[in-house]
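The values are calculated or read from the model by the stated rules, or taken from the named source; none is laboratory data. What you are looking at is a predicted structure, and each value in this text was computed from that prediction instead of being measured. Positions of Cβ are generated from backbone atoms using ideal geometry, with glycine treated the same way; all protein chains shown enter the neighbour counts.
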Amino acid sequence: MIQETQTKKSPSIMVIALGLICIILAASTIAAFILNTPDTTELDKKDKKIDELNTQIVNLTSQIAVLLANQTQNNDQTATINSLNAKIADLNEKINAANASADEWRKIATLEMSHAIYNDTLIQKAGQTHIIYQETLKYAGYIVIEATPNSTNTCYIELSYTHGGTLFEKTVYLGKAAEKTTIMWPILPATLKIVISNDNHKVDNEDDEEIEIFDNKVTALITYYY
């Protein structure tokens, strides 16, 4: 009779892999809490989700440790370990995504996010008005406008929005031709309207008619910080 022999696999490789997973887990957990977390509902929800995912990883890691401690040549146990490792990898991906989302909310809470909402050149006839921006802004922050006209004290910018039933308005005349004017204005969550107007006209004393002088050109960059 031929006696079959089977070689028992060493658990050392799995133990090393387990150690690496625990290191990754510890790093993810530390990264989730070393940042200064604002006291907001959204951040609390995201941090709670991260805690739940970390708890799941700890439980799965414990299961792997038990299986390794009692490892036999049973193929079912090997398959179980592989399945648990796959679940841990998936949970680590979810933790990374949750950390990224929480980090974005922390940046919003400290006004570290920004993007340009207008960056163009506008040419107007005398007396014309153009709405260059009218969109809803989701977060409180501030607007920075950098505008350069080609005429002196004939072009102005109007900003307005309504929040909580209160209308907020601001009008700023741009300065000398070819000189940049910078405007900074706080904004609450609301629909912001920005208008550029050209007041470049005069009145003829004899006919009492408006006579156009020349076109006005304004180059503007508007950035929203939130």
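Odds and ends about this structure:
- Odd one out for residue 100 among (1) of a type in the set (A, V, I, L, M); (2) free of Cβ contacts under 8 Å to residues at least 60 places away in the same chain; (3) in contact with a His (Cβ under 6 Å, 6 or more places away or on another chain): (3)
- Odd one out for residue 120, checked against (1) closer than 30 Å to residue 138 by Cα; (2) among the charged types (D, E, K, R); (3) loosely packed, with under 12 Cβ neighbours inside 10 Å; (4) modelled with pLDDT under 85: (4)
- For the criterion of being closer than 27 Å to residue 47 by Cα, surrounded by fewer than 15 Cβ atoms within 10 Å (Cβ to Cβ), hydrophobic (A, V, I, L, M, F, W, C) and touching a residue at least 12 places away in the same chain (Cβ under 8 Å), residue 111 passes.
- Checked against the criteria, residue 223 counts as hydroxyl-bearing (Ser, Thr, Tyr) and at pLDDT 95 or above.
For every residue, the table says whether it meets (1) modelled with pLDDT of 80 or more; (2) surrounded by fewer than 14 Cβ atoms within 10 Å (Cβ to Cβ); (3) within 42 Å of the chain's Cα centre (by Cα).
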{"site": "43", "(1), (2), (3)": "no, no, yes"}
{"site": "54", "(1), (2), (3)": "yes, no, yes"}
{"site": "57", "(1), (2), (3)": "yes, no, yes"}
{"site": "69", "(1), (2), (3)": "no, yes, no"}
{"site": "72", "(1), (2), (3)": "no, yes, no"}
{"site": "83", "(1), (2), (3)": "yes, yes, yes"}
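- Restricting attention to region 149-169, the residues that are under 26 Å from residue 111 (Cβ atoms) and surrounded by 15 or more Cβ atoms within 10 Å (Cβ to Cβ) add up to 6.
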